[in-house]
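Here is the structure we will look at.
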Amino acid sequence: MKNIILSSKDLDKICRRIAKDLDKELKHEENIPVVVGVMKGSLNFMMDLTKYMKTDLYTDFIQISSYSGTETTGKVVLKKDLSFNIENRTVILIEDIIDTGISMHFLIKFLKDHYHPKRILLVTLLDKVSRREVKVHIDYAGMVMKKDAFVLGYGLDYKEYGRNLPYVCALTKQEIKMIDNKTSQKITSYASTIKNPRHK
């Protein structure tokens, strides 16, 4: 992964900056705000961001899906709902990347319709404006991507691979093929153990 667009130091600076801005904005909240991480991609960003915040917070997670490989399907599926009541509370919705805006438009509408929060502040690590199809208001962005690229690392994945990388990189087509080869071998190997289990 040669094309690193955000190093570990860059990510730390982003988390510190946004945490400071959020603390200022949330200073006069009557009810404790709720940070909602959009699983799975936002988890790294959410944990690093909130550790720098001084505001009292509740945390929760929600999971949606719209991607298959490197392409969005355009259809959003809710896979995990909230477990915390966010009614009349400010929600800080944490996302890893916003591209077409379709997923966020769906999710924000869902939260407003079902839970009636006081307001929703949308925070994303990456804002891929070149891919936008639906207008979405982003309150805080770590980095604006003006050029389209498939990114990996720091929670962002390709078929569940690469989330643990401590940086964010842009993948080439060749690197995507290399990952496909590597992960398909592991999947094939695991599948063979299921078909031919060893008897003890």
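Numbers at a glance
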| item | result |
| --- | --- |
| Answer residue from the stretch 86-132, given it is in contact with a helix residue (DSSP H, G or I) (Cβ under 6 Å, 6 or more places away or on another chain) and modelled with pLDDT under 95 and is surrounded by the fewest Cβ atoms within 10 Å (Cβ to Cβ) among those | THR100 |
| Members of the stretch 19-46 that are over 24 Å from PHE106 (Cα atoms) and either assigned to a helix (DSSP H, G or I) or among the aliphatic types (A, V, I, L, M) (or both) | ALA19, LYS20, ASP21, ASP23, LYS24, GLU25, LEU26, ILE32 |
| Within the stretch 1-15, considering residues that are out of contact with any helix residue (DSSP H, G or I) (no Cβ under 9 Å at 6 or more places or on another chain), assigned to a helix (DSSP H, G or I) and not acidic (Asp, Glu), the one surrounded by the fewest Cβ atoms within 10 Å (Cβ to Cβ) | LYS9 |
| Flag for ARG119 being basic (Lys, Arg), touching a residue at least 12 places away in the same chain (Cβ under 8 Å) and closer than 23 Å to ASP23 by Cβ | yes |
| Pair list, Cβ < 6 Å and 6+ apart or interchain, from the stretch 88-114 residues that are more than 15 Å from VAL36 (Cβ to Cβ) to residues that are in a helix (DSSP H, G or I) and open to solvent by 10 Å² or more (accessible area, probe 1.4 Å) | ASP99/ARG131; THR100/ARG131 |
| Residue match in the stretch 28-40 (condition: within 23 Å of VAL136 (Cα to Cα) and over 15 Å from the mean Cα position of the chain (by Cα)) | yes |
| Filtered residues of the stretch 32-51 (kept if loosely packed, with under 15 Cβ neighbours inside 10 Å and of a type in the set (Lys, Arg)) | LYS51 |
| Meets criteria (in contact with a helix residue (DSSP H, G or I) (Cβ under 9 Å, 6 or more places away or on another chain) and surrounded by fewer than 14 Cβ atoms within 10 Å (Cβ to Cβ)) for LYS54 | yes |
| Considering residues of the stretch 162-177 that are open to solvent by less than 40 Å² (accessible area, probe 1.4 Å) and assigned to a loop (DSSP other than H, G, I, E, B) only, the residue farthest from ASP12 (Cα to Cα) | GLY162 |
| Scan of the stretch 115-139 for residues that are over 21 Å from PHE84 (Cβ atoms) and among the basic types (Lys, Arg), ordered by number | LYS128, ARG131, ARG132, LYS135 |
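The values are calculated or read from the model by the stated rules, or taken from the named source; none is laboratory data. Source: prediction; values computed, not measured. Positions of Cβ are backbone-derived with ideal geometry, glycine not excepted, and every protein chain shown enters the neighbour counts. With ligands, DNA and RNA removed, areas are computed over all heavy atoms of the protein, side chains included. Shrake-Rupley method; radii C 1.70, N 1.55, O 1.52, S 1.80 Å.
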